[in-house]
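Written out below as structure tokens is the structure these notes cover.
The values are calculated or read from the model by the stated rules, or taken from the named source; none is laboratory data. Not measured: the values here are computed from a predicted model. Ideal geometry is used to build each Cβ from the backbone, glycine not excepted, and the neighbour counts take in all protein chains shown. Each accessible area value is taken on the protein alone, full model and side chains, heavy atoms only, with ligands, DNA and RNA left out. Shrake-Rupley method; radii C 1.70, N 1.55, O 1.52, S 1.80 Å.
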Amino acid sequence: MTELKQQYQHYQVVEKAIHFIKQHVDEQPSLAEIARAVDLSEFHLQRVFTAWAGISPKKFLQYLTKEQALANLQSSKNVLTAAWDSGLSGTGRLHDLMIMAVAMTPGEIKALGKDVLIEYGFMECRFGLVLIAWTSRGICHLAFNEDKAEALTELISLWPRATLSANADQANHYGQYIFEPSGEKKEIKLLLKGTNFQLKVWEALIKAPLASVVSYSDLACAIGQPKAQRAVGSAVAKNTLAYLIPCHRVIRESGDFGNYRWGIDKKAALLAWETAQAGIETGAPL
């Protein structure tokens, strides 16, 4: 079994556990209760969480709380301000990836993909099944979805006049260095399809470092439109490049995780995993 395949299987357990916890948050379920809910022994659940996140279930579950989200929001402010002050047109960084964004012209957007070849493929990553699609100019779509037919229908609806071609090997190659970085710095190009306002919001998000979180109001201020919180929320919701444009890092000022195009349990898993990785890097207790 490949490492990614094992991570995928572990994630299915983790997401199920997160769903149970969120449904019973007022009851503060014990590890034994969570283990029963996912049909595992406490020992096995401990092993799965440790293998997937690098920390114990108890520590991981702490990262799902509103209190932790608020603490992360506060601690992220200085880091994000420095990133945004360096300019939104520069390169973003995700793990060991240097992310370069290229915007489509209004004419290209209006053409709905006419004369464009889009290759695509599915892969099992540490956050579930993902559909990755790309053109010769960069990755244009990345979506989490366990339903392949539904995921493809969405891709086609976004690029109705494009020519689609399956390429599982290249999708797996992309997925490997997006979700399992080797430590070698690599450049990845994104092809963005959106309005000028949406592009500004997405570029600001690309600048958000791993394990940071941002509120809608902070993001509105970052693009120089502090009163445009609602429009910022709409732009975040329109993002079709999951993870690479990290809209999962946008939470409400109350500490609530808010909504997520690919499911709130997925968002919780992403945020908790990133917080765990940051803690491991700084030597925080596991």
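Before moving on, here are some points about what is shown:
- The stretch 154-180: number of residues that are assigned to a helix (DSSP H, G or I), exposed (fewer than 12 other Cβ atoms within 10 Å of the Cβ) and polar (S, T, N, Q): 1
- The number of residues in the stretch 143-153 being open to solvent by 80 Å² or more (accessible area, probe 1.4 Å) and among the acidic types (Asp, Glu) comes to 2.
- Each residue in the stretch 19-55 was checked for being surrounded by fewer than 17 Cβ atoms within 10 Å (Cβ to Cβ), over 14 Å from Asp265 (Cβ atoms) and within 23 Å of the chain's Cα centre (by Cα), and 3 pass.
- The residue list Arg230, Arg261 contains one member that is out of contact with any Asp or Glu (no Cβ under 8 Å at 6 or more places or on another chain), at pLDDT 90 or above, under 30 Å from Ala51 (Cα atoms) and not assigned by the TED database to the domain that holds Thr50, which is Arg261.
- Selection count where residues are in a helix (DSSP H, G or I), open to solvent by 10 Å² or more (accessible area, probe 1.4 Å) and more than 22 Å from Leu112 (Cβ to Cβ), scope the stretch 192-216: 4
- Pair list, Cβ < 6 Å and 6+ apart or interchain, from the stretch 51-66 residues that are outside the structural domain of Ser215 (by the TED database) and modelled with pLDDT of 85 or more to residues that are in a helix (DSSP H, G or I) and surrounded by fewer than 16 Cβ atoms within 10 Å (Cβ to Cβ): Gly54/Ile280
- Listed by first and then second residue, the pairs linking a residue in the stretch 153-174 that is assigned by the TED database to the domain that holds Met98 and farther than 15 Å from Ser136 by Cβ to a residue that is open to solvent by 80 Å² or more (accessible area, probe 1.4 Å) and not β-branched (Val, Ile, Thr), with Cβ atoms under 6 Å apart and 6 or more places separating them unless they lie on different chains, are Arg161/Lys114.
- In the stretch 56-76, of all residues being charged (D, E, K, R) and surrounded by fewer than 14 Cβ atoms within 10 Å (Cβ to Cβ), the one that is nearest to Leu210 (Cα to Cα) corresponds to Glu67.
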